[in-house]
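Structure first, commentary second.
Any read-out appearing in this document is the output of simple, stated calculations on the displayed coordinates, not a laboratory observation. Just so it is clear, the structure is predicted and the values come from calculations on it, not from any experiment. Cβ placement follows ideal geometry from the backbone for every residue including glycine, while neighbour counts extend to all protein chains displayed.
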């Protein structure tokens, strides 16, 4: 930050499991002043505010006129009712994924941003995982994806199914890495521990001809985060738990073609911290953020299509 660049005042709305990490990282980010956190749970807000050296508030509307940007980490069903008044008041927002509970609400958020010339970024933090970033730089005209995202059960996210809880991360990545529209979907799902789908598998064919096989589970014994990409003469395997990306390439030699393996360089950084820094840059420079509201809506729409396919099966 140069002398000519003033600090940007920010806030966090919702300081539960994820929001408290937004507050922690905002409070340490150069060029930022964390003004306040807001949460209906006054005790929780006070504890996070004390730890981060800011004010504790109860309602998000109390931030109007006090900040330029805000993270929204309330439950998904409240995203629109929190985001829209802030956008209308001239505040840029980073909304945790998924963007909204419905496509109509996602459209309302994006429309409010457009009307008031504000920015909406969606918290698809997997885009900012250093291993995924290293992988993404090597993906060119992919033909097949095999993705597994398995997590241990937690009661924290049972207000949504595993598609909106976990799989949507990978649906967003697929849309970003392939770049074409989904053309056909086959999917199955199981309600194992809750009354919502806890395990799901989707096979998605894109207009490009690329096919993706995606599995998500929230009742796994151990966490698995693995992305495999197959493209011409190259196979990539990304393990975000191990923070490792393997690359296998067919290379020529005097003795004929052979397979060469190497490891891609993966930076040491916290994905959420990189995400907040990217949002801050967009706010300061008044340019579209890396994962804007339109991309957030597309991921949400694809997630709903997978869920509808499961329901119809």
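Observations on the model:
- Descending by average beta-carbon neighbour count within 10 Å, the peptides 159-166, 204-211 line up as 159-166, 204-211, the highest first.
- Put simply, the chain fits an ellipsoid with semi-axes of 34, 23, 18 Å; these come from the alpha carbon gyration tensor as the roots of five times its eigenvalues, largest first.
- Each of 167, 133 was scored by other Cβ atoms within 10 Å of its Cβ. Arranged with the fewest first, they read 133, 167.
- Relative intensity, log₁₀ I(q)/I(0), of segment 145-211 from a Debye sum that treats every alpha carbon as a point, q = 0.13, 0.17, 0.25, 0.29 Å⁻¹: -0.39, -0.63, -1.11, -1.34
- Equivalent ellipsoid of segment 8-118: semi-axes from √(5λ) of the C-alpha gyration tensor, largest first, are 22, 15, 11 Å.
- Angle in degrees between helix 79-88 and the longest Cα principal axis of the chain, rounded to the nearest 10: 60
- One equal scatterer on each Cα of segment 104-181, no solvent, Debye formula: the resulting log10 I(q)/I(0) at q = 0.19, 0.23 Å⁻¹ is -1.03, -1.18.
- Relative contact order of segment 248-313, taken over Cα pairs closer than 8 Å and 6 or more residues apart, is 14 percent.
- Compactness of segment 183-271 as Cα Rg over 2.2 N^0.38 Å, two decimals: 1.44
- Ordered from longest to shortest, the equivalent ellipsoid semi-axes for segment 95-147 are 29, 13, 11 Å, each the square root of 5 times a Cα gyration tensor eigenvalue.
- The chain: angle of helix 103-115 to the longest principal axis, Cα-based, in degrees nearest 10: 60
- Computed log10 I(q)/I(0) for segment 52-103 at 0.14, 0.21 Å⁻¹: -0.35, -0.75, from the Debye equation with unit scatterers placed on every C-alpha and solvent omitted.
- Exposure proxy order (Cβ contacts within 10 Å, fewest to most) of 304, 279: 304, 279
- To the nearest ten degrees, helix 19-28 and the longest principal axis of the Cα atoms of the chain are 80 degrees apart.
- Net length gained if the chain between residue 312 and residue 261 were fully extended (0.36 nm per residue, minus Cα distance): 14.1 nm
- The DSSP beta bridges internal to the chain are antiparallel in roughly 60% of cases.
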